[in-house]
Every structure is written in structure tokens, then in C-alpha cells.
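Q: Let me begin by handing over the structure; questions about it come next.
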Amino acid sequence: MGKEEAQNLLLGHIQAYQAYHSQKETMTWAVATLFVAAAAVLLGTDPFWAHWNCIAFISFLLLLLATGIAAFLLLKVQFARRRSSSHFFSACVNTVTRWVKNDPSDADLEPTLIAEFGKSGELAPAALAKEFKEIDSAPNRNVWWDKVLTYVVMSLWGIGALVKVALTWKGTW
């Protein structure tokens, strides 16, 4: 593989992972928005569950808890994939930028498995694999405030909704 083919490969990766990152971002914000909207509906609704019997009420509470846990787990996965695709995108940009000035060596082009990437890893030129590992393993000095704030906002709304549901139940045991 020559310099031009290697650069084209990385440019293709850049486009693909930019789109993948955007998809993960969209999914993350959609889940967070739906979660907060659902909590807001529970907070603003007359408590239709107030006179349910114990089994129905506990089932409803368990459903709410399971839904909340699933939403947080989905967000955790989406944020991790978004971070990983961002690192891969950056590694591609850095590598192709270096190759604009300096031709890649045969060792740079050697197919190398990036085991940390994806479910079963991905083959990539050695230079790209090395760059990705450096970026991905660097201590994260920057807190992803969007992630932290999303978890905080979702937690507050979710706790508020659960408290309302629990305090407004008037059914019998």
C-alpha cells in the first residue's frame, strides 16, 4: 500500500467515525431527553396510581426503576462508544496529518489489530493503531462535563418522579 492509498483509507475512516460519533451523540441526547420528559410527565400528572392495589403499585414502581436503570446503562454505553469513536477519529486525523509531510514507512502500514476498539477489535495500519492506543490510554485530564451534567439532571428528575410516585400512593397493603 502506498502513501496515497493509506491516506485514502484514513480519510475514509475519518468520514465513517465522524458519522458514527454523531449517531452516538444523537442517541445519547435522545435517551436523556426522553427520560427527563417522562419524569416531567410523572411529576405533572395527577397520580393515576394513587389508588392501585399493592401488587399493581409495586409492579409500577419496579417498572419505573428498571426503566431508569436501563436508561442509565444505555447512556453509559453510548457515552463510552462516543468517546472511543472520538479517539479513533482523532487518531486518524493525527496520523493522516503526519503522512502529509512524511511518507509512511512499511512498518507504519503493517496491518495491526486494535484489540481495545470495537467488540472484536479492528485491523488498522500500525501507525494508526499506535496513535489510537496513545490517545485512548492517556489519563483523561478533561472531565466530560456534558456526561456528568446529563447524569446529574437525569438523577434529579428521576428521583423527583420516584418520590412523587411513592408519596402519592394511597392504596392498601
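The values are calculated or read from the model by the stated rules, or taken from the named source; none is laboratory data. Keep in mind the model is a prediction, meaning the values are calculated, not measured. For neighbour counting, all protein chains shown are included, and Cβ atoms are generated from backbone atoms with ideal geometry for every residue, glycine included.
Yes/no per residue for (1) outside any helix (DSSP H, G or I); (2) under 30 Å from Trp49 (Cβ atoms); (3) out of contact with any Ser or Thr (no Cβ under 7 Å at 6 or more places or on another chain):
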position	(1), (2), (3)
Val100	no, no, yes
Leu128	no, no, no
Trp157	no, yes, yes
Val163	no, yes, yes
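Q: Filter the stretch 45-56 for residues that are in a helix (DSSP H, G or I) and either of a type in the set (A, V, I, L, M) or at pLDDT 95 or above (or both) and give the result. Full working, then the answer.
A: Residues of the stretch 45-56 that are in a helix (DSSP H, G or I), as a first pass: 54-56.
Within the stretch 45-56, Ile55, Ala56 meet the criteria.
Q: Is it the case that the stretch 92-102 has a residue that's closer than 29 Å to Val153 by Cα and of a type in the set (Phe, Trp, Tyr)?
A: Within the stretch 92-102, none of the residues are closer than 29 Å to Val153 by Cα and of a type in the set (Phe, Trp, Tyr).
Q: Right, something else. Going through the stretch 1-52 one residue at a time, which ones are of a type in the set (A, V, I, L, M) and within 30 Å of Phe132 (Cβ to Cβ)?
A: Across the stretch 1-52, the qualifying residues are Met1, Ala6, Leu9, Leu10, Leu11, Ile14, Ala16, Ala19, Met27, Ala30, Val31, Ala32.
Q: Condition first: β-branched (Val, Ile, Thr) and surrounded by 13 or more Cβ atoms within 10 Å (Cβ to Cβ). Now tell me which residues in the stretch 143-167 satisfy that.
A: Correct list: Thr150, Val153, Val165.
Q: For the structure I just gave you, tell me whether Asn140 is surrounded by fewer than 20 Cβ atoms within 10 Å (Cβ to Cβ), farther than 28 Å from Phe35 by Cβ and not acidic (Asp, Glu). Break it down into steps so the answer makes sense when it comes.
A: Working: surrounded by fewer than 20 Cβ atoms within 10 Å (Cβ to Cβ): yes; farther than 28 Å from Phe35 by Cβ: no; not acidic (Asp, Glu): yes.
No: the conditions fail for Asn140.
Q: Let me ask another. State which residue is nearest to the chain's Cα centre (by Cα) when the search covers only the stretch 1-39 and only residues that are of a type in the set (Phe, Trp, Tyr) and closer than 30 Å to Ile159 by Cβ.
A: This residue is Trp29.
Q: Separate question: Can you tell me which of (1) closer than 19 Å to Tyr17 by Cα; (2) in contact with a His (Cβ under 8 Å, 6 or more places away or on another chain); (3) surrounded by fewer than 18 Cβ atoms within 10 Å (Cβ to Cβ) is the one Phe88 doesn't meet?
A: Here Phe88 clears every test but (3).
Q: Follow-up. Can you tell me which of Leu123, Leu128 is more than 30 Å from Ala30 (Cα to Cα), at pLDDT below 90, under 23 Å from the mean Cα position of the chain (by Cα) and hydrophobic (A, V, I, L, M, F, W, C)?
A: On inspection, the qualifying residue turns out to be Leu123.
Quick grid of which residues meet (1) surrounded by 13 or more Cβ atoms within 10 Å (Cβ to Cβ); (2) over 27 Å from Gly160 (Cβ atoms); (3) of a type outside the set (Ser, Thr, Tyr):
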residue: Tyr17; (1), (2), (3): yes, yes, no
residue: Thr26; (1), (2), (3): no, no, no
residue: Phe48; (1), (2), (3): no, no, yes
residue: Cys54; (1), (2), (3): no, no, yes
residue: Leu74; (1), (2), (3): yes, no, yes
residue: Ser84; (1), (2), (3): yes, yes, no
